[in-house]
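The values are calculated or read from the model by the stated rules, or taken from the named source; none is laboratory data. On a predicted model such as this, the values are computed, not experimentally measured, just so you know. Ideal geometry is used to build each Cβ from the backbone, glycine not excepted, and the neighbour counts take in all protein chains shown.
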């Protein structure tokens, strides 16, 4: 199984990247969520899921382990294949999918192209217990200053606080102009 690739980006589109890894070009399908996380660097490390079908061998790529975990859960549901799971991850972030499943929001899941009422209900029934145990962070990929937030999150988690508590605290105090130190101090007052 291929779990990760590191190589130079040959081509990057919103639906796939081609990575040159030691002279071999790997075509890796990605979601819009992962596309948004890929910066302008030439070298890329991407987590992958290798799917073997009767007619093809496909690589699906993810910039975060949480997204790959959500993908694995989604494809375990009858009626959700890898392509439908990627459409879901392109339409909604992993956090939004998790919240829709835990909150039993059938309409949010049904709003994804290719998912009907019965499939949406099956996703909720099959995954509610599994995804409620996941710890997915809610980083806003469109926020250019989330580096400070990520560093504050890492520092607070190394102090032993629960990830969900840290997320809630940072959501309350986060302002784009705050430094890492200011974020940590403000979050510690809440924690």
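Output the number of residues of region 2-61 satisfying the condition of being surrounded by 11 or more Cβ atoms within 10 Å (Cβ to Cβ) and assigned to a loop (DSSP other than H, G, I, E, B).
6
Would you mind telling me which numbered condition in (1) within 28 Å of residue 12 (Cα to Cα); (2) under 15 Å from the mean Cα position of the chain (by Cα); (3) in contact (Cβ under 8 Å) with a residue 40 or more places away in the chain residue 80 fails?
Here residue 80 meets the rest and fails (2).
Look through region 13-40, keep the residues that are free of Cβ contacts under 8 Å to residues at least 12 places away in the same chain and over 18 Å from the mean Cα position of the chain (by Cα), and return whichever of them is farthest from residue 93 (Cα to Cα).
Restricting to residues being free of Cβ contacts under 8 Å to residues at least 12 places away in the same chain and over 18 Å from the mean Cα position of the chain (by Cα), the top hit is 23.
Residues to consider are 107, 143, 139; find the one that is surrounded by 14 or more Cβ atoms within 10 Å (Cβ to Cβ) and either at pLDDT below 90 or not in a loop (DSSP other than H, G, I, E, B) (or both).
139
At pLDDT below 80, part of a helix (DSSP H, G or I) and within 21 Å of residue 133 (Cα to Cα): does that describe residue 168?
In short, no.
Do you know which residues across region 171-184 are touching a helix residue (DSSP H, G or I) at 6+ places or on another chain (Cβ under 9 Å) and not in a loop (DSSP other than H, G, I, E, B)?
Those that are touching a helix residue (DSSP H, G or I) at 6+ places or on another chain (Cβ under 9 Å) and not in a loop (DSSP other than H, G, I, E, B): 172, 173, 180, 181, 182, 183, 184.
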